[in-house]
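**Student:** Quick one: this structure, given as structure tokens, is what I'll be asking you about.
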Amino acid sequence: MNEGLPSPEVAILVGLPGSGKTSFVRARLPGHAHVSKDLMRSTRDRNTRQLALLAQALAAGRSVVVDNTNLRVADRAPLIAAARVAGAKVVGYFFDATAKECLARNRAREGKARVPDVAIHIARARLEPPARMEGFDALFIVHAEGGEFSLRPV
């Protein structure tokens, strides 16, 4: 770690497909290295690749945003552990959007960005909302509306 420089941050996004996560990255975290399984279409083991990209960015002293659904505690635990090993701050952003809102946003997407409606319903059923006790240094609830984002600390 570089002395005198702030520790890097690992921002872990949690939310249904279509909840505004990637738009949030562009608007609020443009300086972070962007790690997303959506950008790994031809990768066999996306979890291993995601952790490798996270470790590489942290080793270079960069802050990272993990832009995936990260629905379950088990999905988030290895990300939090990797951040801790690197001495990074862990910040969670929980996108509080209903399935109805996500379905509407998803219908406006085109091409591979659009997911089948059933994927949103399945994600909703699997969602385990994040909690500070998982190891987050800070946790925010994010509400997206009309391209704007409001944050509320948990």
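Values in this text are rule-based calculations from the coordinates and carry no lab data. Just so it is clear, the structure is predicted and the values come from calculations on it, not from any experiment. Methodologically, a virtual Cβ is constructed for each residue, glycine included, from the backbone with ideal geometry; neighbour enumeration extends over all protein chains shown.
**Student:** May I ask you to list the residues in the stretch 57-74 that are among the β-branched types (Val, Ile, Thr), assigned to a loop (DSSP other than H, G, I, E, B) and surrounded by 22 or more Cβ atoms within 10 Å (Cβ to Cβ)?
**Tutor:** Once the filter is applied, which keeps residues that are among the β-branched types (Val, Ile, Thr), assigned to a loop (DSSP other than H, G, I, E, B) and surrounded by 22 or more Cβ atoms within 10 Å (Cβ to Cβ), the stretch 57-74 yields nothing.
**Student:** Among the residues of the stretch 84-98, what is the count of those that are touching a helix residue (DSSP H, G or I) at 6+ places or on another chain (Cβ under 9 Å) and over 9 Å from GLY18 (Cβ atoms)?
**Tutor:** Number of matching residues: 10.
**Student:** Let me ask something additional. If we scan the stretch 87-99, do we find a residue that is over 16 Å from the mean Cα position of the chain (by Cα) and of a type in the set (Ser, Thr, Tyr)?
**Tutor:** yes
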